[in-house]
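Trainee: Take a look at this one; I'll ask things after.
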């Protein structure tokens, strides 16, 4: 998608975080088409944000660092070396001298300033089209000082949105399973971190085996599988209080949780007497509804963005394949026909693609196809690539990759175009990633 | 076949060491035995004032224990890739497991279903559950009360062998019968 007209982005206000548009954006000429995979990233200058005091200068520099790192990681932008900048942050408080920025081949310029008062923080930022010499975006963001990283991510999201026409994904979190210890007795802990790896924390102590953490749409709780007692079941953890409870009243093992887009329903798998079926659990009423009915394995469900359909994994045809059906039940329609085995489907929040794990010819792949099964494309290939999860804008996929020689498992990201495959650093080995929505 | 062979050997070994006096030398592994003391161990030196070191003998196999099940019957059966079908080797072991269980009517067991790592994590949880229940159903058909048998699936989470090889996969695709210590 190409942006040709400036438009006001709508950014939801959160907690102590408020955002105000600074002046009406002017028409601009920079266009970044990200649908085909960007081979040449856009050169962008991210100036340190101006601060009057030493503390404000420190924050202004740190915010610019986070913005530049977010943009660089997307693979769509190439932040320029600040040592080449001619104008200082203080000089940039007024209209930039665009000739100075053209000289270093910057196409876009990000400027800003930071004001700290008490524990509050006001950050203003502007995005400039260097060649047209116009402002493309201006925002004032307000929060408490300990939230400065979120401000930086919101600035990066605003830049990304303005230049690509797609919503951003930087003010988000990643939940995953942190792995340590011997392969035969792996210690697994739930971990949560910001999308850029910061604010990392463990949410379980490794005493019980835990698997498959999944954020709710409001990013306030996590559903996951915990091995406690004799029957492993899906638990729900409140991320604000740390309180946990078993989801539903099932006699049997439950696993593979996945929230509906509205957050009212959790789809999970119930394994009863050797037969796995997908059930929906209504969180408000506690009502439990089985929506598959087949002696084959039915598991790994993921909702379409409108909540009306699910894609799931079943071996009813003899091998694990992908099926789409109404979220109210009914006759499933097989969508995977490419040979090999398919699993762990994830429906893109954009609705246009379903990502999956494919096992074929001795390799594991992450791939995407349209929801009707057409246009299958394999994005990765390795011994063990597994468990795709989409960024909230549907443009980037996280997954885990295990190296059979070292036994190490790591998180990786890749664009749905197949470009920009990257390691996502974590303190320990990592698997089972889940990418949150934009934090409200 | 391999499993049966190992079990027979183990039985012979058990018979041989039913009396402590007859323990074969090969069983006295100085690297494993508790207080035997490695060469140069300070406790066997002059400071202890004694020329004799002692150590505890490993306990014998208790009837009705996990070790008993493992050594005299076989505690696990193996499956083909992406399959929960019990082959003749598996049913042979389960026939003996059923007889053994009927001999200890107070014992309860948990059947742990496992897979190799060549599948997705969630699918493998379902497959492990299917395997555990295939074993349970077979034992129940041989008159072991269903109330004595729990099942649990670990999917690919608890491999018996850590490597990524065909041999490792074959040994990881298993259902293990575990004697519950608390009933």
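The values are calculated or read from the model by the stated rules, or taken from the named source; none is laboratory data. The structure displayed is predicted, hence computed values, not measured ones. Glycine gets a Cβ as well: all are built from the backbone with ideal geometry, and neighbour counts include every protein chain shown.
Trainee: Please go through the range A:171-187 and give me each residue that is in contact (Cβ under 8 Å) with a residue 40 or more places away in the chain and under 18 Å from residue B:115 (Cα atoms), ordered by number.
Mentor: Across the range A:171-187, the qualifying residue is only A:183.
Trainee: Out of the range A:383-410, which residues are on the phi > 0 side of the Ramachandran plot and more than 14 Å from every other protein chain (Cβ to nearest Cβ)?
Mentor: Of everything in the range A:383-410, just one residue is on the phi > 0 side of the Ramachandran plot and more than 14 Å from every other protein chain (Cβ to nearest Cβ), namely A:394.
Trainee: Give A:228, A:223, A:175 a once-over and let me know the one that is within 17 Å of the chain's Cα centre (by Cα), within 14 Å of another protein chain (Cβ to nearest Cβ) and closer than 23 Å to residue A:283 by Cα.
Mentor: Criteria check complete, one pass: A:223.
Trainee: Related question: From the list B:140, B:161, B:179, B:144, which one is in contact with a helix residue (DSSP H, G or I) (Cβ under 6 Å, 6 or more places away or on another chain) and within 9 Å of chain A (Cβ to nearest Cβ)?
Mentor: B:161
Trainee: Given the condition at positive phi, at pLDDT 95 or above, crowded, with 16+ Cβ neighbours inside 10 Å and in a strand (DSSP E or B), answer yes or no: does some residue in the range A:411-434 qualify?
Mentor: Yes, that holds for at least one residue.
Trainee: Is at least one residue of the range A:369-382 at positive phi and within 13 Å of chain B (Cβ to nearest Cβ)?
Mentor: no
Trainee: Of the residues B:90, B:170, only one is under 15 Å from residue B:75 (Cα atoms) and either more than 9 Å from chain A (Cβ to nearest Cβ) or under 16 Å from the mean Cα position of the chain (by Cα) (or both); which?
Mentor: Matching residue, one of B:90, B:170: B:90.
Trainee: In the range A:248-304, what count of residues is obtained for those that are within 14 Å of another protein chain (Cβ to nearest Cβ) and not in a strand (DSSP E or B)?
Mentor: Qualifying residue count for the region: 10.
Trainee: Another question about this same structure. Six or more apart or on different chains, Cβ under 6 Å: which pairs go from a residue in the range B:99-123 that's within 11 Å of chain A (Cβ to nearest Cβ) to one that's assigned to a loop (DSSP other than H, G, I, E, B) and buried (at least 24 other Cβ atoms within 10 Å of the Cβ)? Could you list them?
Mentor: Matching pairs, first to second residue: B:123/A:320.
Trainee: In the range A:178-207, which residues are part of a loop (DSSP other than H, G, I, E, B) and either more than 14 Å from chain B (Cβ to nearest Cβ) or surrounded by 15 or more Cβ atoms within 10 Å (Cβ to Cβ) (or both)?
Mentor: Hits for the range A:178-207 are A:186, A:195, A:196, A:197, A:198, A:199, A:200, A:203, A:204, A:205, A:206, A:207.
Trainee: Taking the range B:118-152 as the region of interest, how many residues are surrounded by 24 or more Cβ atoms within 10 Å (Cβ to Cβ) and assigned to a loop (DSSP other than H, G, I, E, B)?
Mentor: Here the count works out to 2.
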